[in-house]
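The values are calculated or read from the model by the stated rules, or taken from the named source; none is laboratory data. These numbers were taken from a predicted model, which means no experiment stands behind them. Every residue, glycine among them, receives a Cβ derived from its backbone with ideal geometry; neighbour counts consider all protein chains shown.
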Amino acid sequence: MRFAPAAAALSLCLAITASISHAGDVGTPDPQAAALIAQGQAALAAGDAQAAIDAFEAALAVDPAYTPIFINLADAARQQGLQGKAIRYYREALSRDPGNVAAISGEGAALVEKGALEKAKKNLAKLQSLCGDDCPETVALQSSIARGPSPRLAIESKAEDAPASN
């Protein structure tokens with residue numbers, strides 16, 4: 001009888017650990033979600049970001065555990081010029097998979113587009129430590145940093161930071 005509470009607590013811990021490790025093993029999406037992801041990627045390639053977002057959101061509703069959908073949503077948001085929303089999606093992907101180099105690189109590129117070069121350089125350093133200087137994600141982020149922020153977004157960012165003159 002003395003060991004019953006300890007045994008119950010131990011079995012609860014093991015059950016929680018097992019369920020968490022099982023939830024993290026999502027490697028392939030649900031087939032219906034995969035079809036929606038493909039549809040979204042085709043729409044994004046055709047330049048129809050809103051149709052892509054609609055397809056990706058539907059895929060997320062079908063398979064909310066599949067993390068790459070957030071990266072697709074972020075890419076579509078960036079194409080629409082919504083860097084803040086893209087950063088939020090990249091960060092959601094990173095909260096689920098902290099070593100996701102595509103999310104780190106995408107977030108860094110969105111930060112550059114928004115004018116936050118120092119934060120983007122931190123992402124670059126993280127990428128270099130994870131996959132080296134020659135991995136495609138590192139090279140892509142390095143070229144984004146070299147190009148600098150989008151002039152339109154940099155002007156909008158400065159206007160948002162300026163105090164109101166009322």
(Q) Condition check: charged (D, E, K, R), within 21 Å of Ala77 (Cβ to Cβ), modelled with pLDDT of 90 or more and assigned to a helix (DSSP H, G or I). Does Arg152 satisfy that? (A) no
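For every residue, the table says whether it meets (1) modelled with pLDDT of 90 or more; (2) under 29 Å from Leu60 (Cβ atoms); (3) exposed (fewer than 12 other Cβ atoms within 10 Å of the Cβ).
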{"site": "Ala93", "(1), (2), (3)": "yes, yes, no"}
{"site": "Thr138", "(1), (2), (3)": "no, yes, no"}
{"site": "Ala159", "(1), (2), (3)": "no, no, yes"}
{"site": "Asn166", "(1), (2), (3)": "no, no, yes"}
Q. Are there any pairs, at least 6 apart or on different chains, whose C-beta atoms fall under 7 Å, with the first in region 109-129 and farther than 22 Å from Gly81 by Cα and touching a residue at least 24 places away in the same chain (Cβ under 8 Å) and the second in a helix (DSSP H, G or I) and of a type in the set (A, V, I, L, M, F, W, C), and if so, which?
A. Leu127/Val101; Leu127/Ile104; Leu127/Leu141
Q. Among the helices (runs of 4 or more DSSP H) contained in region 74-148, which hold 1 or more residues that are more than 12 Å from the chain's Cα centre (by Cα) and at negative phi?
A. 101-114, 117-131, 136-147
Q) If only one of Glu137, Glu107, Glu113, Glu92 is in contact with a Cys (Cβ under 9 Å, 6 or more places away or on another chain) and among the charged types (D, E, K, R), which one is it? A) Glu137
